[in-house]
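The values are calculated or read from the model by the stated rules, or taken from the named source; none is laboratory data. It should be emphasised that the depicted structure is a prediction, and the values quoted were computed from it without experimental measurement. Cβ atoms come from the backbone with ideal geometry, glycine included; neighbour counts cover every protein chain shown. Ligands, DNA and RNA are stripped out before the accessible areas are found, and what is left, the full protein with its side chains, is counted by its heavy atoms. Shrake-Rupley method; radii C 1.70, N 1.55, O 1.52, S 1.80 Å.
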Amino acid sequence: MLFRQLFDQETWTYTYLIADETTGEAALVDPVLEQVERELQLVKELGLKLVLVLETHIHADHVTGAGRLRELTGARVAASAAGAPCVDRPVKDGEELALGGLSIQVLATPGHTDDSVSFRVGNKLFTGDALLIRSCGRTDFQNGDAGQLYDVITRKLFTLPDETEVYPGHDYAGQTMSTIGEEKRHNPRLAGKSREWFIEFMNNRKLAPPKKLDVAVPANRACGKPAPAPAAQALS
């Protein structure tokens, strides 16, 4: 499997390129609209064909490049059936997507948002904003639920092999990856913490809204197409 990790500095977003080296079929996980040309240039340079765009959830901090990539390449957009209505391939927990000879397993991981999913490819786990490096996604908007997030991390993700590599949607401290074993031992929000403690902590964080919330969410429900500006009212 070919693998690359890409970064958008403005929004601290990681995008991932995965591909089957035998067939050249490729997928991008959580692309950012402003980085579409960079991603397409890399795909071209590596001799790949983009066939899938995988969205872990409806993002609130950046506008996705999914729709633009679909327009330019014909790639299909796959995301949770509970999320954006614009996707080509709604997915559910336990489903598998084919990428050449690779198998992409879908894991429903709601809690940060109600449509959050993670994607597992071999030993690599793309967790979006559910499980972050020594952290986790916030749960105070988009139907987030702290108890639900605790359950999916501890009862689903933490049951994967310890050596499973964790690739999150963001990192704000400069780290690029982790493992399930590391997070089980060292994540300060989860390691040794009870469900009750986690819910109280998450529900009392008092965070400011994401800067792009009002623009990003409606645009991402349309796979990255910004909402039209309201028509100007005629002067009387």
The listed residue being in a strand (DSSP E or B) and buried (at least 18 other Cβ atoms within 10 Å of the Cβ), out of Val166, Val217, Val152: Val166
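State all residues of segment 33-50 that are over 26 Å from Lys212 (Cβ atoms) and either free of Cβ contacts under 8 Å to residues at least 12 places away in the same chain or within 20 Å of the chain's Cα centre (by Cα) (or both); if no residue qualifies, say none. Write out each step before concluding.
Taking segment 33-50 and keeping what is over 26 Å from Lys212 (Cβ atoms), we get 44-49.
If the condition is that a residue be over 26 Å from Lys212 (Cβ atoms) and either free of Cβ contacts under 8 Å to residues at least 12 places away in the same chain or within 20 Å of the chain's Cα centre (by Cα) (or both), then Lys44, Glu45 are the ones that fit.
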Any residue that is at pLDDT below 95 and among the small types (Gly, Ala, Ser) - is there at least one of those in segment 191-210? yes
Restricted to segment 169-193, and to residues that are in a strand (DSSP E or B) and touching a residue at least 40 places away in the same chain (Cβ under 8 Å), which residue is nearest to Gln5 (Cα to Cα)? His170
Assess whether Ala84 counts as being at pLDDT 95 or above, surrounded by 21 or more Cβ atoms within 10 Å (Cβ to Cβ), more than 18 Å from Leu6 (Cα to Cα) and within 17 Å of the chain's Cα centre (by Cα). yes
Since Pro90 meets every condition but one in (1) outside any strand (DSSP E or B); (2) free of Cβ contacts under 8 Å to residues at least 40 places away in the same chain, which condition does it not meet? (1)
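May I ask you to list the residues in segment 3-30 that are part of a strand (DSSP E or B), within 17 Å of Leu97 (Cβ to Cβ) and open to solvent by 20 Å² or more (accessible area, probe 1.4 Å)? If you could, list the steps in order and put the result at the bottom.
If we filter segment 3-30 for residues that are part of a strand (DSSP E or B), which is where we start, we get 3-8, 13-19, 25-29.
Applying the additional criterion that residues be within 17 Å of Leu97 (Cβ to Cβ) yields 3, 16-19, 25-29.
Within segment 3-30, Phe3, Glu25 qualify.
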Specify the residue that is least open to solvent (accessible area, probe 1.4 Å); the eligible residues are those in segment 116-149 that are assigned to a strand (DSSP E or B) and touching a Pro at 6+ places or on another chain (Cβ under 6 Å). Thr127
In segment 51-67, what count of residues is obtained for those that are open to solvent by 10 Å² or more (accessible area, probe 1.4 Å) and either over 17 Å from the mean Cα position of the chain (by Cα) or among the β-branched types (Val, Ile, Thr) (or both)? 3
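Test Thr113 against the criterion of being in contact with a strand residue (DSSP E or B) (Cβ under 8 Å, 6 or more places away or on another chain), open to solvent by less than 10 Å² (accessible area, probe 1.4 Å), part of a loop (DSSP other than H, G, I, E, B) and not acidic (Asp, Glu), and give yes or no.
Details: in contact with a strand residue (DSSP E or B) (Cβ under 8 Å, 6 or more places away or on another chain): no; open to solvent by less than 10 Å² (accessible area, probe 1.4 Å): yes; part of a loop (DSSP other than H, G, I, E, B): yes; not acidic (Asp, Glu): yes.
Judged against the criteria, Thr113 is not a match.
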